[in-house]
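The next block holds one structure in the form of structure tokens; read it before the comments.
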Amino acid sequence: MALATLFLSCNKKEKALPQVYDGPLRVAHDFTTYTTEKDRVKAYLKAKTVFEFQNGDREFPEGVYIEFLDTLGNLTSTLRANSAFYFKIENKWRGRGDVEVKNIEKNQQLNTEELFWYPGTQKISTEKFVTIRDFNDVAYGTGLDAAQDMSYYTLKNPTGTMEVKDQ
């Protein structure tokens, strides 16, 4: 009997440590949200699926579509990406895949494979290859810093043809 007690006491089971869940806390489908300032809609976001994580980050695995509006509610520009991720602490968005930004007034379009959007400063940037089309011009470059509506931009390492008008 002493031998059986000794044998059973040596066979202690280790307790499993609790595993930390790092997946999404919430999942939403057919997601729509509005960003407002002083009772005016500034932006409108649509996504098929959004995952929200414990730290406030959000993932949009099926892409996003965002419309930006001026103070009168007129559409000024749009942003579309195949997938997106919002980094809450940095207040920064990353769009990936076929990323497209359109300035409606200028009939201008930017295409790239990755783009960062900073809502606080209303700027966008990338270090990837970009194509910018407007009216008759096409410009290419690797790297870009711009206003979110493409009203102004700086193209790094530019190539392509652009019409220069005398003033």
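Look through LYS92, LYS156 and report the one residue that is without any contact (Cβ under 8 Å) to a residue 60 or more places away in the chain and within 13 Å of the chain's Cα centre (by Cα). Write out each step before concluding.
Working: LYS156 fails: within 13 Å of the chain's Cα centre (by Cα).
On inspection, the qualifying residue turns out to be LYS92.
Looking across region 56-82, not a single residue is in contact (Cβ under 8 Å) with a residue 40 or more places away in the chain, in contact with a Gly (Cβ under 8 Å, 6 or more places away or on another chain) and of a type in the set (Gly, Ala, Ser).
Looking at region 100-122 only, could you name the residues that are among the aliphatic types (A, V, I, L, M) and either part of a loop (DSSP other than H, G, I, E, B) or in contact (Cβ under 8 Å) with a residue 60 or more places away in the chain (or both)? First the steps, then the outcome.
Filtering region 100-122 down to residues among the aliphatic types (A, V, I, L, M) leaves 101, 104, 110, 115.
If the condition is that a residue be among the aliphatic types (A, V, I, L, M) and either part of a loop (DSSP other than H, G, I, E, B) or in contact (Cβ under 8 Å) with a residue 60 or more places away in the chain (or both), then ILE104 is the only one that fits.
GLY120 falls short on exactly one of the conditions (1) surrounded by fewer than 16 Cβ atoms within 10 Å (Cβ to Cβ); (2) within 13 Å of the chain's Cα centre (by Cα), and that condition is (2). Looking only at region 21-56, which residues are over 19 Å from ASP149 (Cβ atoms), out of contact with any Pro (no Cβ under 7 Å at 6 or more places or on another chain), charged (D, E, K, R) and outside any loop (DSSP other than H, G, I, E, B)? Result: ARG26, ASP30, LYS48.
Pairing each residue of region 124-150 that is in contact (Cβ under 8 Å) with a residue 12 or more places away in the chain and part of a strand (DSSP E or B) with any residue that is surrounded by fewer than 14 Cβ atoms within 10 Å (Cβ to Cβ) and among the aromatic types (Phe, Trp, Tyr), provided the two are 6+ apart or on different chains, yields C-beta distances under 9 Å for ALA146/TYR152. Residues that are under 18 Å from THR76 (Cβ atoms) and not β-branched (Val, Ile, Thr) within region 124-152 comprise ARG133, ASP134, PHE135, ALA146, ALA147, GLN148, ASP149, MET150, SER151, TYR152, listed in sequence order.
Of the residues making up region 60-99, just one is among the acidic types (Asp, Glu), assigned to a strand (DSSP E or B) and surrounded by fewer than 17 Cβ atoms within 10 Å (Cβ to Cβ), namely ASP98.
Answer yes or no: is there a residue in region 144-155 that is in contact with a Gly (Cβ under 8 Å, 6 or more places away or on another chain), crowded, with 16+ Cβ neighbours inside 10 Å and farther than 25 Å from GLU37 by Cβ. Let's see the steps before the verdict.
Within region 144-155, the first condition is being in contact with a Gly (Cβ under 8 Å, 6 or more places away or on another chain), and the residues that meet it are 155.
Then keep just the ones that are crowded, with 16+ Cβ neighbours inside 10 Å; that gives 155.
Add one more test, that the residue is farther than 25 Å from GLU37 by Cβ, and what stays is 155.
Among the residues of region 144-155, at least one is in contact with a Gly (Cβ under 8 Å, 6 or more places away or on another chain), crowded, with 16+ Cβ neighbours inside 10 Å and farther than 25 Å from GLU37 by Cβ, which makes the answer yes.
Just so you know, all these numbers are worked out from the coordinates, no wet-lab data involved. The structure presented is a predicted model; accordingly, all values stated were derived computationally and were not measured. Note that each Cβ is placed from the backbone with ideal geometry, even for glycine, and that neighbours are counted across all protein chains shown.
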